[in-house]
Amino acid sequence: MDETPTRRMGFFTDTSVCIGCKACEVACKEWNDVPDDGFVFRATSYDNTGALGADTWRHVAFIEQDGRWLMSSDVCKHCTNAACLDVCPTGALFRTEFDTVVVQSDICNGCGYCVPACPYGVIDRRERDGRAWKCTMCYDRLRGGLEPACAKACPTTSIQFGPLDELRERAQERVERLHAEGRTDARLYGESPDDGVGGTGAFFLLLDEPETYGLPPDPVVTTRDLGEMWRWAGVAAFGLAGAVAACFLRRS
Amino acid sequence: MPRRRDEMVPEAEFRSYYGQPIVKKPIWHEPHMPTYLYLGGLSGAASVMAVAARLSGADRLARASQMIAFGGGAAGAGFLVAELGRPERFLNMLRVFKVTSPMSVGSWTLAAHGGLTSVGAASAVTGVLPVVGDAATLASGVTGALMATYTAVLLADTAVPAWHEAMRELPFLFAGSATASAGAMAMLTTPRRLAGPARAAAVTGAAVETAAGALMERRLGMLAEPYRTGRAGRLMRASRALTVGGGLLAAVAGRSRTLTALSAAAITAGALCTRFGVLEAGRVSAADPKYTVVPQRDRLTARLGGR
Ligand code: SF4
């Protein structure tokens, strides 16, 4: 393995130019050999993929509103403070040299604890092999100097790949230009290192509230409060010992 | 272009992507996981009781508590292995120790606790190596207190709204329930004239469990809804009735065999209902995007100074 330090790489998904072609979904499936996620007619929108999961690593959302049709390609956020990685008991989830979050499927024990830990509901367990799966930001392609398959396939550059600091600057300019054009609904999501997960490696330009796209409005990495949780558990443990001791004191 | 008027949206209204969940439901199975949570708590609190009994010279009660701690731990481990699917998966958990993962901390705690209670019980039954057995039992008091409470952290350390926001009360709910369970089992398996402290533990534990549950639902606001409605609501109400009833019975059971048995059965059933109910409430709160969006929106609004 070469240990050359790399910059943090990321995705900037600019939904204002997404045309909903699902090329990213297809490219992801093909490159990563992701199994069939079922053909479900959901009868809600043009979206029959549904949601991110073990067998869906890019998901294009469609929201019809009067006068406009919103489309957005969702993906694992590759959080700065990733709950999935923190709570994984075996170390199967790790942080790569590109600062992305990847599951090593040969180490994954299938406990499924990462699944409810993710504040975005991204990672899931594939029942066929009992392991957790999600987007790797095409770790193999990155190591070979290529960009991820979804970004490569996107015909409108809605999905942009690159060093995260550059993407953040580009996104800032883009949102300012949209505001100047009067599209004041444009906003960035996940770009700020001050948010509840320390900023995401895959961030978005949205045209409506995050929850409209099925994204949490104020996600927080659950392990941020881990110290507090253990403190309360500790108080309860001491309380238990004290209470039990008291039950015997009265008698002896 | 459609515009939002946040200030006109009433509190309960929220937007979502076709009502689809945002966070994913925990994939733990029934009855494996909730039964493990019960048995682990029972075993843990029984170990603490064994230590207290030992130190105060209540030897019969100490012996009974040791056996409960051992039996509960072994059966609990069985349920956990069944939950994981294959026995070697539990061993894989012990290949690393990760402080940031309550699952890892819990696996090590269970392994240590299981080992200590086994040594303690084996020595007590066979009379071999009494000093080692005593030392193991004493140490199991520490792992036991952790066993009875770590599961609260295990649940709270997720994005499941009804669990994460209950991080303060869950440890007390589980610790109280564990104490009541251990007291119930011990008063059932000890000669009744010697079981006074076990009855006291059952009463105390039931009181703490009931109080912690009530406080939790009060403090959770809209996130108390999953604990109050549907199947989870029925389980939590059953748990409360059984725990309160069992606790009251334990207080008056004295030397009555029937009352002791009734009380122990009610407390045990109540403790099981608590675990099944909490798990179900978690699933419900993850499945409905309302419980993810509305509290987060409120938080944002508060941070932005109620814009
Ligand atoms: S979005 Fe979820 S799965 Fe992706 S890194 Fe963050 S916590 Fe892990």
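In table form, for the structure just shown:
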| quantity | calculated |
| --- | --- |
| Residue pairs, from the table A:LYS152/B:LYS25; B:LYS25/B:LYS98; A:LYS134/B:LYS98; B:LYS25/B:LYS290, whose Cα atoms sit over 25 Å apart | A:LYS152/B:LYS25 |
| Peptide B:88-99, shielding by other chains (average Cβ, 10 Å cutoff) | 4 |
| Positive-pole candidate from B:VAL203, A:GLY145, B:ALA77, dipole of the protein assembly as shown, charges at beta carbon | B:VAL203 |
| Under 5 Å, built H, 5+ apart or other chain: amide partners of A:LEU93 | A:GLN104 |
| Hydrodynamic radius (Kirkwood) for segment B:126-174, which is based on Cα pairs only, to one decimal in Å | 12.6 |
| Mean accessible surface per residue for chain B, computed with a 1.4 Å probe while every protein chain stays in place, in Å² | 39 |
| Tail weight of P(r) past 14 Å, computed on alpha-carbon pairs of segment B:162-202, percent | 51 |
| Solvent-accessible surface ranking, highest first, for A:ASP208, A:ASP194 at 1.4 angstrom | A:ASP194, A:ASP208 |
| A:ASP36-B:ALA302 pseudo-label distance in nm [points 7 Å out on the Cα-to-Cβ vector] | 4.8 |
| q = 0.10, 0.13, 0.16 Å⁻¹: log10 I(q)/I(0) that the Debye formula gives for segment A:9-221, counting C-alpha atoms only | -0.40, -0.70, -1.09 |
| Viscosity 0.890 mPa s, temperature 25 °C, Stokes-Einstein D of chain B from Kirkwood C-alpha radius, µm²/s | 121 |
| Listed residues A:LEU146, A:LEU188 arranged by accessible area, highest first, probe 1.4 Å | A:LEU146, A:LEU188 |
| Cα→Cβ-extended label distance, 7 Å offset, between B:PHE97 and A:ARG128, nm | 3.9 |
| Three semi-axes of the equivalent ellipsoid, segment B:118-263, Cα gyration tensor, whole Å, largest first | 32, 22, 10 |
| Number of partner chain Cβ atoms within 10 Å, mean per residue of A:60-73 | 1 |
| Per-residue average of Cβ from other chains inside 10 Å of A:203-213 | 3 |
| Peptides ranked, highest mean first, by Cβ atoms within 10 Å: ranges B:36-45, B:208-217 | B:36-45, B:208-217 |
| From the C-alpha gyration tensor of segment B:135-209, square roots of 5λ in Å | 28, 15, 7 |
| Translational diffusion of segment A:113-252, µm² s⁻¹ [Kirkwood Rh, Cα pairs; Stokes-Einstein; 4 °C; 1.567 mPa s] | 67 |
| Longest to shortest principal axis, alpha-carbon extents of segment A:1-85, angstrom | 50, 30, 25 |
| Area accessible to solvent at A:THR90, 1.4 Å probe radius, in Å² | 20 |
| Candidate residues A:TRP133, A:TRP57: accessible-area rank, largest first, probe 1.4 Å | A:TRP133, A:TRP57 |
| Surface accessible to a 1.4 Å probe, B:TRP28 within the full protein complex, Å² | 20 |
| Solvent-free Debye scattering, log10 I(q)/I(0), computed from the Cα coordinates of the protein assembly as shown at q = 0.07, 0.09, 0.12 Å⁻¹ | -0.45, -0.70, -1.07 |
| In degrees, nearest ten, helix A:226-249 long axis to first principal axis of chain A (Cα) | 20 |
| Accessible surface of segment A:9-221, 1.4 Å probe, proportion on carbon and sulfur as whole % | 50 |
| Gaussian network model of chain B, springs between alpha carbon atoms under 10 Å - residue of B:ALA166, B:ALA58, B:ALA207 with greatest fluctuation | B:ALA58 |
| Degrees between helix B:59-84 axis and first principal axis of chain B (Cα, 0 to 90, nearest 10) | 40 |
| With DNA, RNA and ligands ignored, accessible area of A:LYS22 (1.4 Å probe; Å², nearest 10) | 40 |
| Using alpha-carbon coordinates, inclination of helix A:23-32 to the longest axis of chain A, degrees | 60 |
| Debye log10 I(q)/I(0) at q = 0.16, 0.18, 0.21, 0.24 Å⁻¹ for segment B:183-271, Cα point scatterers | -0.60, -0.71, -0.86, -1.03 |
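The values are calculated or read from the model by the stated rules, or taken from the named source; none is laboratory data. Here the structure is a predicted model, which means the values were calculated and not measured. Glycine gets a Cβ as well: all are built from the backbone with ideal geometry, and neighbour counts include every protein chain shown. Quick note on the areas: whole protein, heavy atoms, side chains included, nothing else; ligands and nucleic acids left out. Shrake-Rupley method; radii C 1.70, N 1.55, O 1.52, S 1.80 Å.
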